[in-house]
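The values are calculated or read from the model by the stated rules, or taken from the named source; none is laboratory data. Just so you know, these numbers come straight off a predicted model, no measurement behind them. Here the Cβ positions follow ideal geometry from the backbone for every residue, glycine too, while neighbour counts run over all protein chains shown.
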Amino acid sequence: MSFIDDKEKMRDLENMTKEDFLKSYSYITPEEYDETLLEYMKGFVSYICKDSVELEDVNVDSINLVIRDEKNPKDMYVLVSDNNYDRAFLLSVLNSKKVETTPEWDFSYADYLYEPLAEGFSIAYIDESVHPVLWEDITCGYDREDVLEDAGMQKYIKYCMDNGITFEKLVKENTSLNFEDLYDFYCHKNEASFENRTMKKSKEKER
């Protein structure tokens, strides 16, 4: 059940990461959070698209992903597609004029998910249909050693582990895709290495 009409909760939703929000409201389920955030994001996308020629073909119901800065949770980005799924649009919640557009043939989750995760963003919402695509992208598109060393991919795998996204479940629901068990690509050696690698990447980016 959505809590979008609850002003206090919505204020916290806008200012807190998903993890912190669910800790503060222990009686709210992750599913209720996702439902509310999705409704909120659809309203945002509809609002910024209504008077924009550039965004007139955006499909409001095509929200695939929402990521947010862990240090500044108000800094959120939403990934959507056009009506024909030929282009992807990355929209900024803080700056509605900041729009990145990529044709479908040139789209890469490395740009829109793995790199932001490595730089301190976290997943606030992800559509279930995206997971099998990501599992195939990672397990078939990258060498295992590269995945073990990539902080963004490792952070996504940990997200799957924490949220019950399993190989068995995805295989059962997506028989047409070809992917391996992503958990086999997870580096258990040092969980704290996520933060170390993220900090290192952030410092290198600032130089």
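Which of the residues spanning segment 14-35 are crowded, with 16+ Cβ neighbours inside 10 Å, within 20 Å of residue 121 (Cα to Cα) and out of contact with any strand residue (DSSP E or B) (no Cβ under 9 Å at 6 or more places or on another chain)?
Once the filter is applied, which keeps residues that are crowded, with 16+ Cβ neighbours inside 10 Å, within 20 Å of residue 121 (Cα to Cα) and out of contact with any strand residue (DSSP E or B) (no Cβ under 9 Å at 6 or more places or on another chain), segment 14-35 yields 16, 21, 22.
Which pairs have Cβ atoms under 9 Å, sit 6 or more apart or on different chains, and link a residue in segment 1-22 that is assigned by TED's automatic domain parsing to the domain that holds residue 159 to one that is modelled with pLDDT of 95 or more and β-branched (Val, Ile, Thr)?
none
Filter segment 74-103 for residues that are surrounded by 11 or more Cβ atoms within 10 Å (Cβ to Cβ) and among the charged types (D, E, K, R); which is modelled with the lowest pLDDT?
98
Would you check if residue 32 is part of a helix (DSSP H, G or I), more than 22 Å from residue 134 (Cα to Cα) and in contact (Cβ under 8 Å) with a residue 60 or more places away in the chain?
Numbers: part of a helix (DSSP H, G or I): yes; more than 22 Å from residue 134 (Cα to Cα): yes; in contact (Cβ under 8 Å) with a residue 60 or more places away in the chain: no.
For residue 32, the condition - part of a helix (DSSP H, G or I), more than 22 Å from residue 134 (Cα to Cα) and in contact (Cβ under 8 Å) with a residue 60 or more places away in the chain - is not met.
What are the pairs, 6+ residues apart or on separate chains, where a residue within segment 134-161 that is without any contact (Cβ under 8 Å) to a residue 40 or more places away in the chain has its Cβ under 6 Å from a residue that is in a loop (DSSP other than H, G, I, E, B) and surrounded by 15 or more Cβ atoms within 10 Å (Cβ to Cβ)?
Pairs found: 148/187; 157/186.
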